[in-house]
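Here's the structure we're looking at; comments come further down.
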Amino acid sequence: MKKILFLALIATSLRSTAQTIDQYLESIRNNSAELTAFFSQMPKGGDLHNHYSGSVYAETYIDYVVGQDYVINTNTLEVRTTAPANDDNWVHFSKLNTSGQLPAYKEKLMQKWSVKDYNGISYPSDKQFFETFSGFGIANNSQARLDTGILELKRRAQKENVSYIETMFTTIHCSNLNSIDTSFNSRLEDALNKRDEALTTSLLEQLYLQIEQKGAKGCAISFNSEVADMHQSLHIDDSSFTMRYQNYVTRVVPPLEVFKSLVLSFESANTSPLIVGVNIVAPEDNEVSMRDYWLHMQMFRFCHSKFPNVKYAMHAGELTLGLVKPEDLTWHINEAVHTAGANRIGHGVDMPYEHNCYDLLQYMAKNDIAIEINLYSNEFILKVQDDKHPISLYREFKVPIVICTDDAGVLRSNLTQQYVLLAKRYKDISYSDIKRYVFNSIDYSFIEEDSIKEKLKTDLKARFRTFEKEFIATHQN
Ligand SMILES: [Zn+2]
């Protein structure tokens, strides 16, 4: 009897804790500062849609190029390791420092390599966003620079109570594959124009054999050991933080390059517990991305048949009315889900325009295909926010939701801000819904070891207990 009473008391106390926090959250719904304080402290689990290079802040890249005394073109702000001959526009950072101009140029680079001070008028926001990547690319290539960035992400995560990051790390190159006949490009384009699945599969099969014969697996294994060495030397897997990596392919290059890169990515993810998935990146509305989208989905389907254990999330439907023709808003998520067989969808913003959208939502829910919601990114790049964002549709059909950052460095944002926007804009999303999304970020992660997932979930529960206990202690009156 005593035990029953005790359990009942615990249940009441848990219920009242949840209600108290729930009520508090309701009372601060319209106050960004209060929401920021709340969500900064709340455990946020994992960030599953995270681009490594876009998550490092521009300050870090600038420190690096200044420290290396690279040269900058004072007209275009392009940075290189050495100046081209006979061109007076290039100057070393040390020289700018001597002349007192370094702070001004640092500020200009911050504005070029991120969205800092962007006024929303003078330049298209999607261009402002995507062009940052080629700018800071110079500061993001060697091992030493990768180390600095990874540690930055870890430190930031720990400070905002994030315990896991699954980052889209890099793309894999393999010079052995350079000799593959480029006539495959026109043959694949021909199959694409005819939407001929059988022809496409047969071409991919021929290509796959060549790619394997030329040593793709060896390249993937040596890449994996580099990542493992880096991961170990940085002591990433400690008691309070876990990181895993996705390989990515870029969708704006010729079909042969996409496929070579995709096979390497799948090979690598198939043989490393640290590399847990594959993704496809770069602007979806780019001319090549749009033209080859159908073909890319066939490539993913093909790779899945060869590597059935490899998971993949896909940027799909990062589009909206005005960005592309309306008919092109109707099929990308459908193809990513039904043809490519994606395990998670990144963005999925064009969902309301998709063909048979309700069926598609039902299919995603039934097959446990999570949607990665990136609120601030969608607001900045696509101008989609508030009730234009399809999050309500995903909620209505019970598609598993995870809340992510996308490119916190370029966007000068963090995971906390995503939760602030979520709570402020979608007032029917309760504290327990939010908590479920946080747990989803571990459940729908691609972490391969069950023991690590369980450990992270146990840790997350403990973090929530602490958060809720401290909340009660500080909000007693
Ligand atoms: Zn993204």
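The values are calculated or read from the model by the stated rules, or taken from the named source; none is laboratory data. Everything quoted here is computed from the prediction, not taken from an experiment. Virtual Cβ from ideal backbone geometry, glycine too; neighbours counted across all protein chains shown.
Tallying residues that are part of a helix (DSSP H, G or I) and either of a type outside the set (S, T, N, Q) or within 16 Å of the ligand (Cβ to nearest atom) (or both) within the range 268-277 yields 1. Within the set Asp359, Asp386, the sole residue that is more than 24 Å from Val115 (Cβ to Cβ), more than 13 Å from the ligand (Cβ to nearest atom) and of a type in the set (Asp, Glu) turns out to be Asp359. Of the candidates Ile391, Ile381, the single residue that is within 13 Å of the ligand (Cβ to nearest atom), surrounded by 18 or more Cβ atoms within 10 Å (Cβ to Cβ) and within 19 Å of His332 (Cβ to Cβ) is Ile381. Among the criteria (1) in a helix (DSSP H, G or I); (2) surrounded by 15 or more Cβ atoms within 10 Å (Cβ to Cβ); (3) of a type outside the set (A, V, I, L, M), the one Gly137 does not fulfil is (2). Applying the criterion of being within 15 Å of the ligand (Cβ to nearest atom) and assigned to a helix (DSSP H, G or I) to the residues of the range 394-410, the residue that is surrounded by the fewest Cβ atoms within 10 Å (Cβ to Cβ) is Ala408. Contact map, the range 220-247: residues that are over 13 Å from Thr271 (Cβ atoms) and in contact (Cβ under 8 Å) with a residue 40 or more places away in the chain paired with residues that are among the charged types (D, E, K, R) and surrounded by 14 or more Cβ atoms within 10 Å (Cβ to Cβ), Cβ distance under 6 Å, separation 6+ or inter-chain. Pairs shown: Phe241/Lys154; Arg244/Glu166. Out of Ile381, Ile434, one residue alone is assigned to a helix (DSSP H, G or I), of a type outside the set (S, T, N, Q) and either closer than 23 Å to Val115 by Cα or in contact with a Leu (Cβ under 6 Å, 6 or more places away or on another chain) (or both). It is Ile381.
Under the condition of being in contact with a strand residue (DSSP E or B) (Cβ under 7 Å, 6 or more places away or on another chain) and either part of a helix (DSSP H, G or I) or within 16 Å of the ligand (Cβ to nearest atom) (or both), the residues counted in the range 278-328 number 17.
Conditions tested, residue by residue: (1) outside any helix (DSSP H, G or I); (2) loosely packed, with under 10 Cβ neighbours inside 10 Å; (3) at pLDDT 55 or above.
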position: Ala8; (1), (2), (3): no, no, no
position: Asp22; (1), (2), (3): no, no, yes
position: Arg29; (1), (2), (3): yes, no, yes
position: Glu34; (1), (2), (3): no, no, yes
position: Ala37; (1), (2), (3): no, no, yes
position: Ser40; (1), (2), (3): no, no, yes
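Does the range 444-463 contain at least one residue that is closer than 13 Å to Asn161 by Cα, among the basic types (Lys, Arg) and in contact with a Ser or Thr (Cβ under 9 Å, 6 or more places away or on another chain)?
Within the range 444-463, one or more residues are closer than 13 Å to Asn161 by Cα, among the basic types (Lys, Arg) and in contact with a Ser or Thr (Cβ under 9 Å, 6 or more places away or on another chain).
With respect to the conditions (1) in contact (Cβ under 8 Å) with a residue 24 or more places away in the chain; (2) within 16 Å of the ligand (Cβ to nearest atom), Glu131 falls short on a single one, namely (1).
Evaluated against (1) of a type in the set (D, E, K, R); (2) surrounded by 16 or more Cβ atoms within 10 Å (Cβ to Cβ); (3) outside the structural domain of Tyr419 (by TED's automatic domain parsing), Glu470 falls short on exactly one condition, (2).
Looking across the range 425-467, the residues that are surrounded by 18 or more Cβ atoms within 10 Å (Cβ to Cβ) and either of a type in the set (Lys, Arg) or farther than 27 Å from Asn374 by Cβ (or both) come down to Lys435, Arg463. Just one of the listed residues (Asp88, Asp63, Asp126) is over 20 Å from the mean Cα position of the chain (by Cα) and either within 16 Å of the ligand (Cβ to nearest atom) or part of a loop (DSSP other than H, G, I, E, B) (or both), and it is Asp88.
Residues are listed down the side, and each one gets a yes or a no for (1) over 27 Å from Leu456 (Cβ atoms); (2) of a type outside the set (A, V, I, L, M); (3) in contact with a Phe, Trp or Tyr (Cβ under 9 Å, 6 or more places away or on another chain); (4) not assigned by TED's automatic domain parsing to the domain that holds Ser441:
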site: Ile21; (1), (2), (3), (4): no, no, yes, yes
site: Ala33; (1), (2), (3), (4): yes, no, no, yes
site: Phe38; (1), (2), (3), (4): no, yes, yes, yes
site: Gln41; (1), (2), (3), (4): no, yes, yes, yes
site: Val65; (1), (2), (3), (4): yes, no, yes, yes
site: Asp69; (1), (2), (3), (4): yes, yes, yes, yes
site: Phe93; (1), (2), (3), (4): yes, yes, yes, yes
site: Leu96; (1), (2), (3), (4): yes, no, yes, yes
site: Leu102; (1), (2), (3), (4): yes, no, yes, yes
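To keep it simple, each residue is scored yes or no on (1) closer than 20 Å to Leu153 by Cα; (2) in the same structural domain as Arg156 (by TED's automatic domain parsing).
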position: Ile403; (1), (2): yes, yes
position: Leu456; (1), (2): yes, yes
position: Lys461; (1), (2): no, yes
position: Thr474; (1), (2): no, no
